[in-house]
Amino acid sequence: MAKTGPAKFVQEVRAEAAKVSWPTRRETVITTIMVFVFAVIASIFFLIVDWVIRTGVTFVLGIGS
């Protein structure tokens, strides 16, 4: 593979960065909010599942009676 000088490297990086489709500020905000909402939903779901499993195991093993 041929070696490329620093100037050529920077030029190629700028050319590739210009091809990137960057999200708008609105898209970024909406996506961030969606991530937080789904994280809260997932945490509530796993809280409930954990409670159900803990209750079932406690019932089966007779712990804390």
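Annotations
- Accessible surface of the chain [probe 1.4 Å, protein heavy atoms]: carbon and sulfur percent: 73 percent
- Along the chain, the exposed loop sites are trypsin sites (Lys or Arg not before Pro) outside DSSP states H, G, I, E and B with at most 15 other Cβ atoms within 10 Å, and the longest stretch free of them is 20-65.
- Acute angle (nearest 10 degrees) that the helix 6-18 long axis makes with the longest principal axis of the chain, alpha-carbon atoms: 60 degrees
- Whole-Å semi-axes of the chain's equivalent ellipsoid (Cα gyration tensor): 54, 20, 6
- Rounded tilt (10° steps) of 25-61 against the dominant C-alpha axis of the chain: 30 degrees
- The GluC sites (Glu not before Pro) of the range 1-39 include none that meets both conditions, a loop assignment by DSSP and at most 13 other Cβ atoms within 10 Å of the site Cβ.
- In a simple Cβ point-charge model (Lys, Arg +1; Asp, Glu -1; nothing else charged), the chain has a dipole of about 340 debye relative to its Cα centre.
The values are calculated or read from the model by the stated rules, or taken from the named source; none is laboratory data. Values in this document were obtained by computation on a predicted structure and should not be read as measured data. Positions of Cβ are backbone-derived with ideal geometry, glycine not excepted, and every protein chain shown enters the neighbour counts. Areas reflect the complete protein model, heavy atoms only, side chains present, ligands, DNA and RNA absent. Shrake-Rupley method; radii C 1.70, N 1.55, O 1.52, S 1.80 Å.
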